[in-house]
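The values are calculated or read from the model by the stated rules, or taken from the named source; none is laboratory data. Given the structure is predicted, the values throughout are model-derived calculations rather than measurements. Backbone-built Cβ (ideal geometry, glycine too); neighbour counts: all protein chains shown.
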Amino acid sequence: MANSSEFGSQLSIGSNASRTSNSKSESVKVIVRCRPMSDKEVKGGHKQIIDMYCDRGVIQIHKSSTGEDESPKIFTFDAVYDWNSNQTDLYEEIFRPLVDSVLEGFNGTVFAYGQTGTGKTFTMEGSADKPGIIPNSFEQIFNCIARSHNQQYLVRSSYLEIYQEEVRDLLSKDQSLRLELKERPDIGVYVKDLSSFVCKSIKEIEH
Ligand code: ADP
Ligand code: MG
(Lines give C-alpha, C1' and ligand atoms only; values in the text may rest on other atoms or scores of the structure.)
(Ligands and ions follow the chains in the order given, each with its own letter.)
Protein backbone atom coordinates (compact mmCIF):
# COMPACT_ATOMS: atom_id res chain seq x y z
CA MET A 1 0.00 0.00 0.00
CA ALA A 2 1.47 3.31 -1.06
CA ASN A 3 0.51 5.21 2.02
CA SER A 4 -0.95 3.45 4.97
CA SER A 5 -2.06 6.58 6.80
CA GLU A 6 -4.52 7.30 4.02
CA PHE A 7 -6.11 4.01 4.85
CA GLY A 8 -5.76 4.47 8.56
CA SER A 9 -8.92 6.42 8.96
CA GLN A 10 -11.31 3.55 8.42
CA LEU A 11 -13.00 1.85 11.28
CA SER A 12 -15.57 -0.88 11.04
CA ILE A 13 -18.13 -1.54 13.66
CA GLY A 14 -20.14 -4.70 13.75
CA SER A 15 -23.33 -4.92 15.68
CA ASN A 16 -25.23 -8.08 16.30
CA ALA A 17 -28.42 -9.09 17.97
CA SER A 18 -28.98 -12.82 17.76
CA ARG A 19 -32.60 -12.20 16.79
CA THR A 20 -34.05 -8.78 16.56
CA SER A 21 -37.53 -7.61 17.26
CA ASN A 22 -37.53 -5.55 14.11
CA SER A 23 -38.19 -7.84 11.19
CA LYS A 24 -36.56 -5.39 8.80
CA SER A 25 -33.14 -5.54 10.42
CA GLU A 26 -30.48 -8.14 9.82
CA SER A 27 -28.92 -9.97 12.74
CA VAL A 28 -25.40 -8.84 11.87
CA LYS A 29 -24.59 -5.39 10.59
CA VAL A 30 -21.28 -3.98 9.43
CA ILE A 31 -20.93 -0.24 9.64
CA VAL A 32 -17.93 1.80 8.57
CA ARG A 33 -17.03 5.12 10.10
CA CYS A 34 -14.25 7.29 8.76
CA ARG A 35 -12.72 9.95 10.98
CA PRO A 36 -11.55 13.35 9.72
CA MET A 37 -7.90 13.59 8.68
CA SER A 38 -5.73 14.71 11.58
CA ASP A 39 -3.71 17.94 11.47
CA LYS A 40 -0.61 15.82 11.16
CA GLU A 41 -1.97 13.99 8.14
CA VAL A 42 -3.04 17.25 6.51
CA LYS A 43 0.35 18.88 7.24
CA GLY A 44 2.12 15.76 5.97
CA GLY A 45 0.45 16.31 2.60
CA HIS A 46 -1.58 13.09 2.73
CA LYS A 47 -4.56 12.97 0.46
CA GLN A 48 -7.92 11.52 1.15
CA ILE A 49 -8.43 8.52 -1.07
CA ILE A 50 -11.95 7.51 -0.18
CA ASP A 51 -15.33 8.90 -1.13
CA MET A 52 -18.26 7.97 1.05
CA TYR A 53 -21.87 7.85 -0.07
CA CYS A 54 -23.66 7.79 3.25
CA ASP A 55 -27.13 7.69 1.72
CA ARG A 56 -26.28 4.45 -0.11
CA GLY A 57 -23.83 2.83 2.34
CA VAL A 58 -21.12 2.85 -0.31
CA ILE A 59 -17.40 3.61 -0.15
CA GLN A 60 -15.16 4.17 -3.11
CA ILE A 61 -11.38 3.91 -2.81
CA HIS A 62 -9.04 5.48 -5.32
CA LYS A 63 -5.52 4.38 -5.75
CA SER A 64 -3.60 7.57 -5.09
CA SER A 65 -0.06 7.77 -6.36
CA THR A 66 0.46 5.36 -9.24
CA GLY A 67 -1.99 3.39 -11.41
CA GLU A 68 -3.75 6.12 -13.43
CA ASP A 69 -5.89 3.62 -15.27
CA GLU A 70 -6.90 1.58 -12.30
CA SER A 71 -10.61 1.83 -11.61
CA PRO A 72 -11.70 2.70 -8.08
CA LYS A 73 -12.72 -0.10 -5.74
CA ILE A 74 -16.26 0.02 -4.46
CA PHE A 75 -17.57 -1.55 -1.25
CA THR A 76 -21.07 -1.60 0.20
CA PHE A 77 -21.92 -1.84 3.90
CA ASP A 78 -25.07 -1.79 6.02
CA ALA A 79 -24.25 1.86 6.75
CA VAL A 80 -21.34 4.23 6.34
CA TYR A 81 -20.59 7.34 8.38
CA ASP A 82 -18.16 9.93 7.10
CA TRP A 83 -15.98 12.58 8.77
CA ASN A 84 -19.03 14.81 9.32
CA SER A 85 -20.88 12.17 11.33
CA ASN A 86 -21.58 12.81 14.97
CA GLN A 87 -21.81 10.53 17.98
CA THR A 88 -25.53 11.17 18.54
CA ASP A 89 -26.68 10.29 15.01
CA LEU A 90 -24.57 7.15 14.98
CA TYR A 91 -26.02 6.05 18.31
CA GLU A 92 -29.63 6.86 17.49
CA GLU A 93 -29.58 5.22 14.08
CA ILE A 94 -27.51 2.12 14.74
CA PHE A 95 -27.03 1.34 18.42
CA ARG A 96 -30.22 2.45 20.16
CA PRO A 97 -32.24 -0.20 18.25
CA LEU A 98 -29.66 -2.84 19.18
CA VAL A 99 -29.77 -1.96 22.90
CA ASP A 100 -33.59 -1.91 22.65
CA SER A 101 -33.53 -5.54 21.58
CA VAL A 102 -31.08 -6.39 24.39
CA LEU A 103 -33.61 -4.88 26.81
CA GLU A 104 -36.20 -7.22 25.31
CA GLY A 105 -33.99 -10.17 26.15
CA PHE A 106 -31.94 -10.79 23.04
CA ASN A 107 -28.16 -11.06 22.94
CA GLY A 108 -26.33 -8.08 21.48
CA THR A 109 -22.70 -7.32 20.74
CA VAL A 110 -20.89 -4.23 19.54
CA PHE A 111 -17.45 -4.90 18.19
CA ALA A 112 -15.11 -2.12 17.00
CA TYR A 113 -12.40 -3.14 14.60
CA GLY A 114 -9.70 -1.07 12.95
CA GLN A 115 -6.01 -0.31 13.09
CA THR A 116 -4.57 1.97 15.77
CA GLY A 117 -5.58 5.59 15.33
CA THR A 118 -8.70 4.95 13.27
CA GLY A 119 -11.17 6.09 15.94
CA LYS A 120 -12.25 3.00 17.90
CA THR A 121 -11.84 4.62 21.33
CA PHE A 122 -13.44 7.86 20.13
CA THR A 123 -16.45 5.97 18.81
CA MET A 124 -16.85 3.56 21.72
CA GLU A 125 -15.97 5.84 24.67
CA GLY A 126 -15.86 9.39 23.30
CA SER A 127 -15.44 12.30 25.65
CA ALA A 128 -17.59 14.05 28.27
CA ASP A 129 -19.07 16.42 25.68
CA LYS A 130 -19.14 13.83 22.87
CA PRO A 131 -20.10 10.58 24.58
CA GLY A 132 -19.68 7.44 22.52
CA ILE A 133 -21.52 4.14 22.33
CA ILE A 134 -20.58 2.85 25.81
CA PRO A 135 -21.83 5.81 27.93
CA ASN A 136 -24.87 6.22 25.65
CA SER A 137 -25.82 2.58 26.11
CA PHE A 138 -25.44 2.82 29.92
CA GLU A 139 -27.82 5.76 29.87
CA GLN A 140 -30.33 3.97 27.66
CA ILE A 141 -30.22 0.82 29.80
CA PHE A 142 -30.68 2.54 33.16
CA ASN A 143 -33.30 4.96 31.81
CA CYS A 144 -35.30 2.02 30.51
CA ILE A 145 -35.01 0.19 33.83
CA ALA A 146 -36.08 3.30 35.76
CA ARG A 147 -39.19 3.64 33.59
CA SER A 148 -40.20 -0.02 33.68
CA HIS A 149 -42.92 -1.22 36.02
CA ASN A 150 -43.72 -4.85 35.46
CA GLN A 151 -40.27 -6.14 34.58
CA GLN A 152 -37.18 -7.06 36.60
CA TYR A 153 -33.70 -6.45 35.23
CA LEU A 154 -30.28 -7.59 36.43
CA VAL A 155 -27.24 -5.77 35.04
CA ARG A 156 -23.85 -7.39 35.45
CA SER A 157 -20.58 -5.88 34.21
CA SER A 158 -17.30 -7.41 33.25
CA TYR A 159 -14.31 -5.70 31.68
CA LEU A 160 -11.59 -7.63 29.95
CA GLU A 161 -8.70 -7.04 27.63
CA ILE A 162 -7.62 -9.35 24.84
CA TYR A 163 -4.11 -8.42 23.81
CA GLN A 164 -1.74 -10.60 21.79
CA GLU A 165 -3.91 -13.68 22.38
CA GLU A 166 -3.93 -13.18 26.15
CA VAL A 167 -7.05 -12.46 28.18
CA ARG A 168 -6.77 -10.22 31.22
CA ASP A 169 -9.52 -9.37 33.71
CA LEU A 170 -9.40 -5.58 34.08
CA LEU A 171 -11.58 -5.70 37.20
CA SER A 172 -9.39 -8.24 38.99
CA LYS A 173 -7.04 -7.24 41.80
CA ASP A 174 -4.35 -9.46 40.33
CA GLN A 175 -3.53 -8.09 36.89
CA SER A 176 -0.84 -10.70 36.29
CA LEU A 177 -3.45 -13.47 35.85
CA ARG A 178 -4.14 -14.71 32.34
CA LEU A 179 -7.59 -16.18 31.88
CA GLU A 180 -8.70 -19.07 29.70
CA LEU A 181 -11.26 -19.04 26.93
CA LYS A 182 -13.65 -22.00 27.33
CA GLU A 183 -16.77 -23.36 25.74
CA ARG A 184 -19.80 -25.12 27.18
CA PRO A 185 -22.84 -26.44 25.35
CA ASP A 186 -25.30 -24.57 27.57
CA ILE A 187 -23.72 -21.11 27.63
CA GLY A 188 -21.35 -21.17 24.65
CA VAL A 189 -17.98 -19.43 24.66
CA TYR A 190 -16.96 -17.81 27.97
CA VAL A 191 -13.92 -16.64 29.91
CA LYS A 192 -13.22 -18.81 32.92
CA ASP A 193 -13.03 -16.97 36.27
CA LEU A 194 -13.82 -13.56 34.76
CA SER A 195 -15.16 -11.30 37.49
CA SER A 196 -18.61 -9.85 37.08
CA PHE A 197 -20.34 -7.24 39.25
CA VAL A 198 -23.99 -6.44 39.64
CA CYS A 199 -24.55 -2.74 38.88
CA LYS A 200 -27.60 -0.71 39.84
CA SER A 201 -26.70 2.64 38.28
CA ILE A 202 -24.45 4.37 35.77
CA LYS A 203 -22.32 5.55 38.70
CA GLU A 204 -21.76 1.99 39.87
CA ILE A 205 -20.92 0.76 36.40
CA GLU A 206 -18.42 3.58 35.83
CA HIS A 207 -16.86 2.93 39.20
P1 ADP B 1 -8.09 4.05 18.13
O2 ADP B 1 -8.77 3.85 19.45
O3 ADP B 1 -8.73 3.30 17.01
O4 ADP B 1 -6.61 3.80 18.17
P5 ADP B 1 -8.73 6.85 18.59
O6 ADP B 1 -10.16 6.71 18.96
O7 ADP B 1 -7.77 7.07 19.71
O8 ADP B 1 -8.25 5.60 17.72
O9 ADP B 1 -8.64 8.03 17.52
C10 ADP B 1 -7.41 8.60 17.08
C11 ADP B 1 -7.52 10.12 17.08
O12 ADP B 1 -8.51 10.56 16.16
C13 ADP B 1 -7.91 10.68 18.44
O14 ADP B 1 -7.22 11.89 18.64
C15 ADP B 1 -9.41 10.94 18.27
O16 ADP B 1 -9.86 11.99 19.12
C17 ADP B 1 -9.51 11.33 16.80
N18 ADP B 1 -10.82 10.92 16.23
C19 ADP B 1 -11.23 9.65 16.04
N20 ADP B 1 -12.45 9.60 15.47
C21 ADP B 1 -12.83 10.88 15.32
C22 ADP B 1 -14.02 11.51 14.79
N23 ADP B 1 -15.04 10.79 14.30
N24 ADP B 1 -14.06 12.86 14.78
C25 ADP B 1 -13.03 13.59 15.27
N26 ADP B 1 -11.89 13.07 15.78
C27 ADP B 1 -11.78 11.73 15.81
MG1 MG C 1 -8.01 3.09 21.20
Positions within segment 145-175 being hydrophobic (A, V, I, L, M, F, W, C) and exposed (fewer than 10 other Cβ atoms within 10 Å of the Cβ), in sequence order: 146, 154
Of all residues in segment 119-153, how many are closer than 14 Å to residue 102 by Cβ, assigned to a helix (DSSP H, G or I) and aromatic (Phe, Trp, Tyr)? 2
Residue among 200, 173, 192 that alone is modelled with pLDDT of 95 or more, not assigned by the TED database to the domain that holds residue 34 and not aliphatic (A, V, I, L, M): 192
Can you find even one residue in segment 179-202 that is more than 18 Å from the chain's Cα centre (by Cα) and in a helix (DSSP H, G or I)? yes
For residue 52, only one of the following conditions fails: (1) modelled with pLDDT under 90; (2) part of a strand (DSSP E or B); (3) within 13 Å of ligand 1 (Cβ to nearest atom). What is its number? (1)
